[in-house]
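Everything below concerns the one structure shown next.
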Amino acid sequence: MTMWRIGLALMLAVVPVVPAPAVAAAPSLLEVDRRLAGIAWRLTTANAALCRDTQPVTGATLHAIDQYPAEVAAGGQYAAPVMVELVLPDTPAARAGLAENDGLLAVAGTPVPAPEATGTVTSATRNAAQALIAVRPVAAPLPLTIRRGVGAAARTITVAPVPGCRVEFEVLAGNKLGASSDGQVVQVGGRLFELFDDDQIAVVVAHELGHAVLRHRARLEAAGVRWGVLSEFGRNGRLFRETETEADLMGAYLLRNAGWDPRIAVTFWREQGGKIDGGLFRSRTHPSSAARAAAIERELATMPADAPTPYVPPLLERRDAPLR
Ligand SMILES: [Zn+2]
């Protein structure tokens, strides 16, 4: 399937769109999804202890036929409307024998909702299937009823999931060079995967996970902050900048807990800042790249040399602090 998929947060996106220069060979959507899923797997499972909201994580990614335009979906044969898009190696899903293109029929006996025949491209069916998994106990055996191949008999595969942060990540197809979050779904612009390697993208994904860990959406809403026109000014703008800095600092710890050298965040903002200031996060609500790099460097200097893994930084306490 090609770069047709549209995510729900097209409507939520607050990051400016950047025109794409010609690219020799853009990666396929599946390749990009696989890269993002691998990064998200590391970050969400290694930092489960820092997340108040957790969910069972399997290492498999789902997609549904109504995430694609009808003419694209009509070109294939599908075992079921919701399918396993990819299975990361060495994860619970892989160990249980779940396979790509398996149709997902039920989660712990609850049938996966069928797509509504609206004719519109939507993530709703995929999200409903994910939600059935998210509400299950984080470490309990997870029975998935699947169909392998068109017309095959249903069978059950039981996955032994691990706890992870309750945040979904998805690639936003198109030219968007940024990332944004509504608190539950983090969307990462497909263009990032053409410009940056996985370590660099991990910095961006960790920043977005930092927003979720620190409950920024809920805290900004509680503070009466407005999104949209003029939201960059005054108290609104100040609170956005405050949460952006918090997400940068937390993101460095999330990287570190997941096995990356957290200084890659400092390097990223210092060296890629010019590329990014023109697009990703360009607005009055984000500090300059040089300031971001310096702030992360100062924060990391406060981490004890013998900090355990996962390290739970004092910064985590801010998730319950009102924004003023
Ligand atoms: Zn941010």
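Read the figures in this text as sums done on the coordinates, not as results from a lab. Values in this document were obtained by computation on a predicted structure and should not be read as measured data. Cβ atoms come from the backbone with ideal geometry, glycine included; neighbour counts cover every protein chain shown.
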Next item on the list: List, in order, the whole-Hz ³J(HN,Hα) value for each residue of region 310-324 obtained from phi through the Karplus relation with A = 6.51, B = -1.76, C = 1.60 and θ = phi - 60°; use x for Gly and Pro.
Entry: x, 8, 9, x, x, 3, 4, 4, 5, 5, 9, 7, x, 8, 10
Next item on the list: Please state the charge dipole magnitude for region 54-165, taken about the Cα centre, from unit charges on C-beta atoms (+1 on K and R, -1 on D and E), reported in debye and rounded to the nearest 20.
Entry: 360
Item checked: region 29-164: radius of gyration and largest Cα-Cα distance (Dmax), Å -> 14.5, 43
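Kindly put T91, T156 in sequence by how many other C-beta atoms sit within 10 Å of each C-beta, fewest to most. List each step's numbers first, then the result.
Working: T91 21, T156 12.
Exposure proxy ranking, most exposed first: T156, T91.
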Checklist line | Karplus-derived 3J(HN,Hα), 6.51/-1.76/1.60, for each residue of region 135-143, Hz, glycine and proline x | finding: 7, 6, x, 5, 10, 7, x, 10, x
